[in-house]
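The values are calculated or read from the model by the stated rules, or taken from the named source; none is laboratory data. Keep in mind that what you see is a predicted model, and the values were worked out from it rather than measured. Glycine also receives a Cβ, built like all others from the backbone with ideal geometry; neighbour counts cover every protein chain displayed.
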């Protein structure tokens, strides 16, 4: 049995005080000067340790407070109370919510799974990925624990083309050459975010993190920074339309590359494979109204990897902008199943993958793996203010982060995500993530339940009410 894949996390404290969800309002006027103030009884000694962060103009007590409400309930004059922090509510946007940013910061700092001691207090269903419920029936078996249990759970995936059947010649040898295949220890690739205060520094951080994780960093070729020779195997250069040069010396040193889809991409790939047959090629396809037919066409033509990309809010592009990424994945996956070609190609998806649970749910919908992009920027303490897109100064000085520090925070985030994936696989009774692909029988979709179960029930009840005598 191979050794367990392990991500080495190490705490990297934040450079700035994270904005807390709630803030303490402490009124001194009217204090009774009790013999022992409730502030002295704080379990974490927050009142004594509190300070002021001049760079953000925040009281550091909010960061230390654990919301036990002991001081609020114990003050006889009710001079202390908790209120919503307006700065916290202004973080991110409607999709990349403050809760997502805060959870990402915590995971990038500690490498741990964010757990609320008070339990989950949010809704049990919502739009997008929140409309998928997974089957956790095996959670009662402690040996299934992927992190600490006795059973080995693999998170490895394969990148490349797989033959549907084998053919042999008269000598018993394979009648064709085996296509190149690349195994990654986790189903997550690192994609460069579309924004950020220091793109070149971000590339260096991603390359270092990819080395530590054993995965690939997808980087734009026309803006690629110099990469150490020992790290060339961990980068996946991305070429825009017309940018691929077959004389590029980098092509002989890499294992995989990405090309943006265009009308002549098949001819371009054919010419590329003649000179570099061992290089695995991924075609980046926009998630618009043509994506299903285009994915089927490229797969039938023998493409090895297809990368379907959506918008930052996990929505399709063009006429599919109202369609969620999960539905895009399901349509493409089922089309390939119908064409009997699903097992031949690797499907990667990106756009709006914000949490660890999105990784598992995207795979359940039919993807082989995902590409994380914007969460990598959030791991560096980004507030998603988008000042960098307007030429403004980054409020958290991302351009000042060292490569070592930034890479470790990315490793911590992926370590937390990987542990959550192991927990999900263990709770579902699965030993490898490959089995999770397209396993919709182990999940429930809210829209299907409403259509197949709840709608007939409510219709039947409505009919009974109409028949009741007045």
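Screening the candidates 197, 209 for the property of being in contact (Cβ under 8 Å) with a residue 40 or more places away in the chain, in a helix (DSSP H, G or I) and buried (at least 20 other Cβ atoms within 10 Å of the Cβ) yields one hit, 209.
Under the condition of being outside any helix (DSSP H, G or I) and farther than 26 Å from residue 368 by Cα, the residues counted in segment 212-230 number 5. Quick one: is residue 386 over 15 Å from the mean Cα position of the chain (by Cα) and over 21 Å from residue 294 (Cβ atoms)? In short, yes. Scanning segment 178-191 for residues that are surrounded by fewer than 22 Cβ atoms within 10 Å (Cβ to Cβ) and in contact (Cβ under 8 Å) with a residue 12 or more places away in the chain yields 179, 180, 181, 182, 183, 184, 185.
When segment 252-270 is examined, which residues are found to be free of Cβ contacts under 8 Å to residues at least 60 places away in the same chain and either part of a strand (DSSP E or B) or under 19 Å from residue 202 (Cα atoms) (or both)? Within segment 252-270, 257, 258, 259, 260 meet the criteria. Scanning segment 66-86 for residues that are buried (at least 16 other Cβ atoms within 10 Å of the Cβ) and closer than 25 Å to residue 13 by Cβ yields 82, 85. Taken over segment 124-169, the criterion of being under 30 Å from residue 96 (Cβ atoms), outside any loop (DSSP other than H, G, I, E, B) and modelled with pLDDT under 75 is satisfied by 139 alone. Filtering segment 66-81 to residues that are modelled with pLDDT of 85 or more and either closer than 18 Å to residue 19 by Cβ or under 35 Å from the mean Cα position of the chain (by Cα) (or both) leaves 68, 69.
Residue 32 passes every criterion in (1) exposed (fewer than 12 other Cβ atoms within 10 Å of the Cβ); (2) touching a strand residue (DSSP E or B) at 6+ places or on another chain (Cβ under 7 Å) apart from (2).
Against the conditions (1) surrounded by fewer than 16 Cβ atoms within 10 Å (Cβ to Cβ); (2) part of a strand (DSSP E or B), residue 172 satisfies every one except (2).
Just the residues that are modelled with pLDDT under 90 and surrounded by 14 or more Cβ atoms within 10 Å (Cβ to Cβ), please, taken from segment 93-120. Let's see the steps before the verdict.
From segment 93-120, those modelled with pLDDT under 90 are 114-120; that's our starting set.
Answer for segment 93-120, where residues must be modelled with pLDDT under 90 and surrounded by 14 or more Cβ atoms within 10 Å (Cβ to Cβ): just 114.
For segment 234-242, indicate whether the set of residues that are without any contact (Cβ under 8 Å) to a residue 24 or more places away in the chain and out of contact with any strand residue (DSSP E or B) (no Cβ under 8 Å at 6 or more places or on another chain) is non-empty. Yes - at least one qualifying residue is present in segment 234-242.
Take the conditions (1) surrounded by fewer than 16 Cβ atoms within 10 Å (Cβ to Cβ); (2) touching a helix residue (DSSP H, G or I) at 6+ places or on another chain (Cβ under 8 Å); (3) touching a residue at least 12 places away in the same chain (Cβ under 8 Å); residue 89 misses just one of them, which is (3). Mind checking which residues of segment 211-238 are over 20 Å from residue 259 (Cβ atoms) and touching a helix residue (DSSP H, G or I) at 6+ places or on another chain (Cβ under 6 Å)? Scanning segment 211-238 gives 211, 212, 213, 225, 231.
Scanning segment 231-251 for residues that are closer than 25 Å to residue 7 by Cβ and part of a helix (DSSP H, G or I) returns 231, 232, 233, 234.
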